[in-house]
Structures are given as C-alpha cells and as structure tokens.
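*Asks:* Pasting a structure below so you can have a look.
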Amino acid sequence: MSSDIHSDYLIGLMTGTSVDGIDAVLTRIGDGHFSLQATLNEPLPGTLQQSVLDLCQPGDNEIDRAGTVSRQLALCYAQTCQTLLQQAGLAPQQIRAIGCHGQTVRHRPGESGFSLQLGCPDTLAVETGIPVVSNFRNKDMALGGQGAPLVPPFHQQLFARPGQRRAIANIGGMANVTLLDGDNLLGGFDTGPGNVLMDLWIRQHRQQPFDRNGDWAAGGTPDSTLLEQLLDDPYFRLPPPKSTGRELFHGDWLNQRLPDHYDAQQVQATLAELTARSISDALADFAPQQLLVCGGGTHNRHLLARLQHHLGVPVTSTESEGLHPDWVEAAAFAWLAWARMEGQCGNAPAVTGASREAILGQVTLP
C-alpha cells in the first residue's frame, strides 16, 4: 500500500551487540524523503542485560530463559515507544509501524543457518497498539545469504554521493562496513569486533561500562605480538559476504590468546588497535576517499584517530551528513519497516550473498 494513504511516521528500535540500552527513533519516511523527528535512549535494567548476555552463549534451560527474556524485552520496548510518543505529542494510531530489530542472541550464518532475535513482537504490538515489523534477517538467510549486515541499503539511500567513493563504518559491539562508489552499493560486511572486547576488558579491570573517549587505550602501547595473534583469526581472512557476532568474538576467545603475564592497559590499547586494523585492513582494496562512522564507536576519539592513521583519508561521523551517529542503526530499521509496508525489497545480495532481492520482515498486528 502506498504511503499517501497512510501516516508516514515510523518508529525504529535497536538493541545492539553491546546490550547497553534501547535506541528508539521517530521518523517520517516516504518515497525519496527521510527525516528524524525524535530520539530516545533507555537503559536496560541490569538484571535483564545480564540475562541477555548469558543467553549469548550456550547454557542450561535456554528455551525457558529465552522465552521469559523475550517477553521482558518487548515490555521494555513498548514502554520506550510510549515515552517517545509522549515526548513527540503523537498518538499510537498516528504511527504506521514499529521496526523492531530485537536483541540478537544467536547468529549462525552458513548452510542451514539462522538468526535469533528476542523481543516478542506480539507483546510489543499489543502493548503499543501499533503494527510491528520484526524478524528481518531469516528471509535473506533462507535465500543463502548471511542475513547481515542489513543497514547498507539504508546507508546507500542517505550517504551515497555521485563521484565520491565512500565507506561507512558502523561500530557497535561488532563493526560492519558499507562500500559506496558514487550512487552504487558495491558491498558490505562485518569486519569483526567493534567495541565488544574493549567494553568487556574495561568492565573486567576498571569496572567501567566503556572506555570514554578511548582514554585508557590511548594511554597504553599496543602489544604487537598479541595484536598479530588476534588478527590471525581465520575470520579476518574470509572473503565477503561474511558476518559474525558474540558467537565468535567473546571473552574466552580473547583469554585463549592472552600471554601468561600482561599489562591490562596494554591489552586495552591492543584491542583498540585490533578494531582499527581490522576495519582498515578490510577497506584496503576498496580504497575509500572518505570514511563516515556511526554507532557507539564514534565517541571513541582514540579509535577514530587510529582509523585515520591507518586509512590515510578523512574520518568523520555521519553527523556531517545530517544524521547523528547514535541513531543511524535504529533509523535503518524504521526504514526497513517502511520498505516492508510498501512491499519493497530490503536486502542487498551484493552485501549478504543472497540469491535474490527479497521483502524482509514479518508484520504483527495489534
């Protein structure tokens, strides 16, 4: 159905690999236009955050635990949507749909692969009174794709510029890149860990949720031997299409590679260099003229400086292009919900490796 007989307001919701909160955006979207109307970030309750993290690795009684967490997440999503609408002065019936990515607890690309996101869409639809579009990844995987990353077509819509060779790096818990040559989307893939290992390490050693500005890493010197051991993981040598997550890059992965004796700050510096090197190495063949960065990693000034050092090109946030880096991913899922409601394809086979384009997402009515 065309947007001229529907409200063009859509909400996008995102909780990423960092599991640090809910990003919610209110957008207006139509053919050829996108605007951000309101934003909200709500932290997840600590017990729920830990329950999610526990489910990211295999454990006992997973089905019961996942079912409970899925309902709890949906209630948090619903409350966030209600607060966002109150702040914007809008009623639920004015919203066309909510695009809810959900919280990924398992992503298994490959033959017979699947991707599992928690956040019960029925609960969210009933609690808000708004249609919900969810489960964006599995259609692409059924078509032989990775199911990720899904944001590059949105990056293309907003950030492609004729005559400019641009890369977009979304640095959340994991990092992914989009390759734009003029108006053309050439590809995109997960490069490896973004903030996930740095956040884990500073929580473990300094009881802080993240390395503000990258100051702790900046005060250390990377361990070149450890860095090369980390970069030796086979994932970094895989050709795209490829995607990854906490299933590979987690605390045990790091601990297995640490020397018997180490300096904690030096390890943090090494992890920042791992993120910078894995992104810049992945972009070497594409040779962008500019790198635009979004996601939480944008606030890590040390990381951005290391990226610019390795790439030798300007590195700026997407705010320079009119969209604050904190809201790009949630906005992408509002846009994917709009595409679903319009009957438009949402994936990019050049990115995911799917056999064809497809309409993504399932619609759940209140």
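The values are calculated or read from the model by the stated rules, or taken from the named source; none is laboratory data. All values reported here derive from a predicted model rather than from experimental measurement. Reconstructed Cβ throughout: ideal geometry from the backbone, glycine too, with neighbour counts over all protein chains shown. Note: accessible area is taken over every heavy atom of the protein model, side chains too, but ligands, DNA and RNA are not part of it. Shrake-Rupley method; radii C 1.70, N 1.55, O 1.52, S 1.80 Å.
*Asks:* For the range 190-225, how many residues meet the condition of being among the β-branched types (Val, Ile, Thr), over 30 Å from residue 108 (Cβ atoms) and touching a helix residue (DSSP H, G or I) at 6+ places or on another chain (Cβ under 9 Å)?
*Replies:* Qualifying residue count for the region: 1.
*Asks:* Being open to solvent by less than 10 Å² (accessible area, probe 1.4 Å) and of a type in the set (Ser, Thr, Tyr) is the filter here; which residues of the range 251-272 pass it?
*Replies:* Result: 270, single match.
*Asks:* Is it the case that some residue within the range 251-261 is in contact (Cβ under 8 Å) with a residue 24 or more places away in the chain, on the phi > 0 side of the Ramachandran plot and not in a helix (DSSP H, G or I)?
*Replies:* For the range 251-261, residues in contact (Cβ under 8 Å) with a residue 24 or more places away in the chain, on the phi > 0 side of the Ramachandran plot and not in a helix (DSSP H, G or I): absent.
Here is a yes/no grid of residues against (1) among the aromatic types (Phe, Trp, Tyr); (2) farther than 30 Å from residue 46 by Cβ; (3) open to solvent by 80 Å² or more (accessible area, probe 1.4 Å):
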{"site": "186", "(1), (2), (3)": "no, yes, yes"}
{"site": "192", "(1), (2), (3)": "no, no, no"}
{"site": "203", "(1), (2), (3)": "no, no, yes"}
{"site": "219", "(1), (2), (3)": "no, no, no"}
{"site": "222", "(1), (2), (3)": "no, yes, no"}
{"site": "245", "(1), (2), (3)": "no, no, no"}
{"site": "249", "(1), (2), (3)": "yes, no, no"}
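*Asks:* Something else: For residue 275, state whether it is open to solvent by less than 30 Å² (accessible area, probe 1.4 Å), part of a helix (DSSP H, G or I) and in contact with a strand residue (DSSP E or B) (Cβ under 9 Å, 6 or more places away or on another chain).
*Replies:* For residue 275, the condition - open to solvent by less than 30 Å² (accessible area, probe 1.4 Å), part of a helix (DSSP H, G or I) and in contact with a strand residue (DSSP E or B) (Cβ under 9 Å, 6 or more places away or on another chain) - is met.
*Asks:* Among the helices (runs of 4 or more DSSP H) lying completely within the range 53-151, list those that include at least 1 residues that are of a type in the set (Ser, Thr, Tyr), open to solvent by less than 70 Å² (accessible area, probe 1.4 Å) and under 29 Å from residue 30 (Cβ atoms).
*Replies:* Hits in the range 53-151: 62-88, 121-128.
*Asks:* Among the residues of the range 9-40, which ones are more than 18 Å from residue 195 (Cα to Cα), open to solvent by 30 Å² or more (accessible area, probe 1.4 Å) and in a strand (DSSP E or B)?
*Replies:* 9, 28, 33, 34, 35, 36, 37, 39
*Asks:* Please go through the range 234-243 and pick out each residue that is open to solvent by less than 70 Å² (accessible area, probe 1.4 Å) and part of a helix (DSSP H, G or I).
*Replies:* The answer is 235, 236.
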